[in-house]
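The values are calculated or read from the model by the stated rules, or taken from the named source; none is laboratory data. Not measured: the values here are computed from a predicted model. Cβ coordinates were reconstructed from backbone atoms using ideal geometry, including for glycine residues, and neighbour counts include every protein chain displayed. We work out accessible area using only protein heavy atoms, side chains counted, and drop any ligands, DNA or RNA first. Shrake-Rupley method; radii C 1.70, N 1.55, O 1.52, S 1.80 Å.
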Amino acid sequence: MKVCVIGSGGREHSIAWKLSKSSNVEKIFCIPGNGGTIQIGENISLNLKPPFSDLIKFVKDNSVDLVVVGPEIPLVNGIVDFLSKEGIKAFGPTSDASMIEGSKVFAKLLMKKNNIPTSDFEVFSDFDSAKKFLESRSDKSQVDWVIKVNGLAAGKGVMVPSTVDEGIKFLEDVFVSKKFGDSGDKVVIEKKIEGFEVSFFVITDGKDVKFVSTAQDHKRAFDGDKGPNTGGMGAYSPVPFITKDFINKVMKMIVYPTIEALGKENIVYKGVLYCGLMVDKEGNPYVLEFNCRFGDPEAQAILPLIKTDVYEIFQATTEGLLSKVKFEMYEKFSGVVVLASKGYPEDYEKGKEITGDLSEKDNSIVFHAGTTLSNGKLVTNGGRVLNVVGISSSLKEALSVSYQRIKDIHFEGMFYRSDIGKKVLEEE
Ligand code: GLY
């Protein structure tokens with residue numbers, strides 16, 4: 001079978017790598033791919049804007065059997081709808097279904113209407129009423145609310161203000177400076193919930209649901225959860241203290257009701273459903289957000305632990321035959337440490353030569369993100385550059401494998417967090 005993987009990050013390298021292990025897959029095209037995907041497939045540069053005509057032509061000309069979509073933007077833009085209309089199989093939710101990530105307002109209203117646990121919220125479409133709400137519900141020095149822009153914002157659309165003034169400044173950015181463009185047409189202001197965050201992943205064809213795994217991301221740039229928010233500086237999977245009972249509770253209270261709720265809106269959800277959860281002191285899960293795809297870097301932690309042939313999973317999902325697949329995970333842990341370019345998530349330089357051993361080992365893989373080949377050399381080409389993955393029967397050992405490997409990898413300006421998984425290991 002021939003497969004196209006859409007995207008260029010670490011998540012897409014991990015998807016392509018996992019597909020390359022399938023006996024069903026003979027050829028992988030990565031569109032556009034990165035310096036890592038080129039080692040297992042062919043990188044192709046194509047226009048990926050609706051109506052996706054270049055992609056449709058490429059798929060037909062090359063007899064591609066399946067398209068697997070990594071990132072949210074093409075999903076929200078309807079890539080799966082356009083491909084399906086041409087009879088092309090594509091793994092990922094349709095544009096309507098992707099609204100679960102593409103519109104925070106849609107997701108919150110869906111949850112409210114269907115009693116899916118999430119925090120209290122109000123929706124605003126202008127600066128004055130949003131400001132008035134925030135001021136009237138907060139002390140000057142303490143804000144118990146979180147502001148989220150409605151649309152996609154590359155991880156930058158959420159503000160947890162520590163003061164009312166900080167919240168108002170964000171609302172100005174959204175409604176006055178229009179920093180988020182159309183994504184800031186509305187905001188959700190929701191009550192803050194204290195607890196610990198867990199990313200909860202399932203794959204569904206709209207009828208059957210397979211629980212995949214849990215993971216924990218590290219969103220801040222620096223150790224101790226300091227510094228600006230990033231796409232994610234590291235992750236581990238599964239989260240050790242998550243029990244079978246908790247998984248069943250989330251499936252019953254959140255996952256099944258969400259898929260049913262979408263069904264009531266005539267939306268069949270097919271693909272990965274990523275539930276970003278906050279778990280309170282009593283162990284009750286609340287949905288912070290839904291995403292319509294694998295997380296990045298969570299995918300780099302989870303995909304190596306999937307035992308079942310992922311081509312079969314993706315293919316069966318597109319055909320509504322997921323119930324026929326026996327889904328299995330390896331009983332192991334993985335840890336991912338992201339190596340980033342100095343300056344990320346703000347401005348950073350590109351083109352720095354990467355040296356060191358990046359080869360695959362029995363207990364470790366290095367997935368590329370912002371890398372490319374230039375004059376035969378591997379160089380940096382993005383903010384998040386490499387994902388160093390360690391795998392072991394213990395989480396401690398998995399993380400130690402990643403940190404050990406990093407000692408041998410170098411590029412100018414490289415930085416990484418040295419405390420991935422530290423908190424959970426201390427609690428264990
Ligand atoms: N790592 C967070 C995300 O993929 O949204």
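Sort through Gly232, Gly206 and tell me the only one that's surrounded by 16 or more Cβ atoms within 10 Å (Cβ to Cβ), within 16 Å of the ligand (Cβ to nearest atom) and in contact (Cβ under 8 Å) with a residue 40 or more places away in the chain. So that I can check it myself, show each step before the final result.
Working: Gly206 fails: within 16 Å of the ligand (Cβ to nearest atom).
Just one listed residue meets the conditions, Gly232.
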(message) Which condition from (1) open to solvent by 30 Å² or more (accessible area, probe 1.4 Å); (2) of a type in the set (Lys, Arg); (3) in contact (Cβ under 8 Å) with a residue 24 or more places away in the chain is the one that Arg137 breaks?
(response) (3)
(message) For the list (1) β-branched (Val, Ile, Thr); (2) open to solvent by 10 Å² or more (accessible area, probe 1.4 Å); (3) within 16 Å of the ligand (Cβ to nearest atom), I need the number of the one condition that Ile193 fails.
(response) (3)
(request) Go through the stretch 295-313 and count every residue that is closer than 13 Å to Pro238 by Cβ and away from the ligand (no atom under 16 Å from the Cβ). (result) 3
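Residue-wise test of (1) assigned to a loop (DSSP other than H, G, I, E, B); (2) within 16 Å of the ligand (Cβ to nearest atom); (3) polar (S, T, N, Q).
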| position | (1), (2), (3) |
| --- | --- |
| Cys4 | no, no, no |
| His13 | no, yes, no |
| Leu19 | no, no, no |
| Ser23 | yes, no, yes |
| Ile28 | no, no, no |
| Ile31 | no, no, no |
| Asn34 | yes, no, yes |
| Ile38 | no, no, no |
(message) Suppose we filter the stretch 371-399 for residues that are within 24 Å of the chain's Cα centre (by Cα), surrounded by fewer than 21 Cβ atoms within 10 Å (Cβ to Cβ) and part of a helix (DSSP H, G or I); how many remain?
(response) 1
(message) Suppose we filter Val69, Val105 for residues that are closer than 17 Å to Ile6 by Cβ and touching a residue at least 40 places away in the same chain (Cβ under 8 Å); which single one remains?
(response) Val69
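Report, by residue number, each residue of the stretch 235-258 that is within 16 Å of the ligand (Cβ to nearest atom) and open to solvent by 30 Å² or more (accessible area, probe 1.4 Å). Lay out the reasoning, then the answer.
Kept after step one, since they are within 16 Å of the ligand (Cβ to nearest atom), are these residues of the stretch 235-258: 235-239.
Matches in the stretch 235-258: Pro238 only.
I need the strands (runs of 3 or more DSSP E) fully contained in the stretch 173-278, keeping only those with at least 2 residues that are within 30 Å of Lys423 (Cβ to Cβ) and touching a helix residue (DSSP H, G or I) at 6+ places or on another chain (Cβ under 9 Å).
Working: elements: 187-191, 196-204, 209-217, 220-222, 226-229, 234-237.
Because the criterion is at least 2 residues that are within 30 Å of Lys423 (Cβ to Cβ) and touching a helix residue (DSSP H, G or I) at 6+ places or on another chain (Cβ under 9 Å), the strands (runs of 3 or more DSSP E) in the stretch 173-278 that meet it are 187-191, 196-204, 209-217, 234-237.
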(message) Give me the residue from the stretch 320-335 that is away from the ligand (no atom under 16 Å from the Cβ) and in a strand (DSSP E or B) and, out of that set, surrounded by the fewest Cβ atoms within 10 Å (Cβ to Cβ).
(response) Met329
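Looking at this structure, is Ser341 modelled with pLDDT of 95 or more, polar (S, T, N, Q) and in contact with an Asp or Glu (Cβ under 8 Å, 6 or more places away or on another chain)? First the steps, then the outcome.
Values: modelled with pLDDT of 95 or more: yes; polar (S, T, N, Q): yes; in contact with an Asp or Glu (Cβ under 8 Å, 6 or more places away or on another chain): yes.
Judged against the criteria, Ser341 is a match.
Which members of the stretch 279-319 meet the condition of being part of a helix (DSSP H, G or I) and of a type in the set (D, E, K, R)? Give the steps one after another, and end with the answer.
Of the residues in the stretch 279-319, the ones part of a helix (DSSP H, G or I) are 298-305, 310-319.
Those that are part of a helix (DSSP H, G or I) and of a type in the set (D, E, K, R): Glu298, Glu312, Glu319.
Scanning the stretch 45-66 for residues that are among the aliphatic types (A, V, I, L, M) and in contact (Cβ under 8 Å) with a residue 24 or more places away in the chain, which turns out nearest to Val5 (Cα to Cα)? First the steps, then the outcome.
If we filter the stretch 45-66 for residues that are among the aliphatic types (A, V, I, L, M), which is where we start, we get 46, 48, 55-56, 59, 64, 66.
Now drop any that are not in contact (Cβ under 8 Å) with a residue 24 or more places away in the chain, which leaves 48, 55-56, 59, 64, 66.
Working: Leu48: 12, Leu55: 11, Ile56: 13, Val59: 11, Val64: 11, Leu66: 9 Å.
This residue is Leu66.
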(request) Run down Leu395, Leu386 and say which single residue is out of contact with any Asp or Glu (no Cβ under 9 Å at 6 or more places or on another chain), within 26 Å of Ala215 (Cα to Cα) and of a type in the set (A, V, I, L, M, F, W, C). (result) Leu386
(message) Which count do you get for residues in the stretch 270-286 that are more than 14 Å from the ligand (Cβ to nearest atom), open to solvent by less than 10 Å² (accessible area, probe 1.4 Å) and under 12 Å from Ser199 (Cα atoms)?
(response) 2
(message) As an exercise: evaluate Asp223 against (1) within 22 Å of Leu386 (Cβ to Cβ); (2) within 15 Å of the ligand (Cβ to nearest atom) and give the number of the one condition it does not meet.
(response) (2)
